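The values are calculated or read from the model by the stated rules, or taken from the named source; none is laboratory data. Fair warning: this is a prediction, and the values are worked out from it, not measured in the lab. Glycine also receives a Cβ, built like all others from the backbone with ideal geometry; neighbour counts cover every protein chain displayed.
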């Protein structure tokens, strides 16, 4: 279905949860060429350009988590930004870390720094959709943080303690995710966190 009025096109995209959209999405909704869609979008005050060929609808108020996790596909937010999403760290986010299997340069959106960390496919797991954002589970956010060495270990330890105390942490899943990462250092650090908090470390070295 083609539209003539840009506001209607944006409303249609938003109704399909495409508040972050590509030039291809816009052109398809308009029934026009990408060049034509680009021209209209460049002068429209309802949208903001993220990068070449990618926009978000300002009037729909998407948050930075939604925007950052939908710039490239597949991807999800992890590390410190994810830990803050779950309210298990008190410090402010310095940058939003997006885990992906594709390379992408760091960008700035809405005054926020978004970095893209490329991992092999076997380490790309453990995330879910929260609203319109793709975010690591609390367990994977902890494991990714240890693997990336960011944020510092003391922050991760704090996050683990708060998550365990608030009973939002699945210890079995945490152990499994640590093993799936294939990193001896991550396994040892998870063991240390588990022991320090009175949890069992059985099967940590016996992945099936």
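If you go through segment 117-127 and keep only what is free of Cβ contacts under 8 Å to residues at least 40 places away in the same chain and under 19 Å from residue 80 (Cα atoms), you end up with 117, 118, 119. For residues in segment 45-58 being touching a strand residue (DSSP E or B) at 6+ places or on another chain (Cβ under 9 Å) and closer than 12 Å to residue 6 by Cα, which is surrounded by the fewest Cβ atoms within 10 Å (Cβ to Cβ)? Across segment 45-58, the extreme among qualifying residues is 46. Checked against (1) at pLDDT below 95; (2) more than 29 Å from residue 50 (Cβ to Cβ); (3) within 17 Å of the chain's Cα centre (by Cα), residue 172 meets all criteria but (3).
When 65, 96, 73 are screened for being free of Cβ contacts under 8 Å to residues at least 12 places away in the same chain and within 18 Å of residue 19 (Cβ to Cβ), only 73 passes. Residues of segment 128-168 that are modelled with pLDDT of 95 or more, within 30 Å of residue 17 (Cα to Cα) and assigned to a loop (DSSP other than H, G, I, E, B): 137, 168. Looking across 50, 67, 99, one residue alone is part of a strand (DSSP E or B) and closer than 30 Å to residue 167 by Cα. It is 99. When 141, 79 are screened for being at positive phi, under 11 Å from the mean Cα position of the chain (by Cα), assigned by TED's automatic domain parsing to the domain that holds residue 174 and in contact (Cβ under 8 Å) with a residue 60 or more places away in the chain, only 79 passes.
Residue check: residue 162 meets all listed conditions (1) in contact with a helix residue (DSSP H, G or I) (Cβ under 8 Å, 6 or more places away or on another chain); (2) in contact (Cβ under 8 Å) with a residue 60 or more places away in the chain but one, namely (1). Pick from 51, 46: which is in contact with a helix residue (DSSP H, G or I) (Cβ under 8 Å, 6 or more places away or on another chain) and either in the same structural domain as residue 19 (by TED's automatic domain parsing) or without any contact (Cβ under 8 Å) to a residue 40 or more places away in the chain (or both)? Result of the check over 51, 46: 46. Restricting attention to segment 75-88, the residues that are over 20 Å from residue 108 (Cα atoms) and surrounded by fewer than 22 Cβ atoms within 10 Å (Cβ to Cβ) total 2.
Answer with yes or no whether residue 142 is more than 30 Å from residue 197 (Cα to Cα) and crowded, with 22+ Cβ neighbours inside 10 Å. In short, no.
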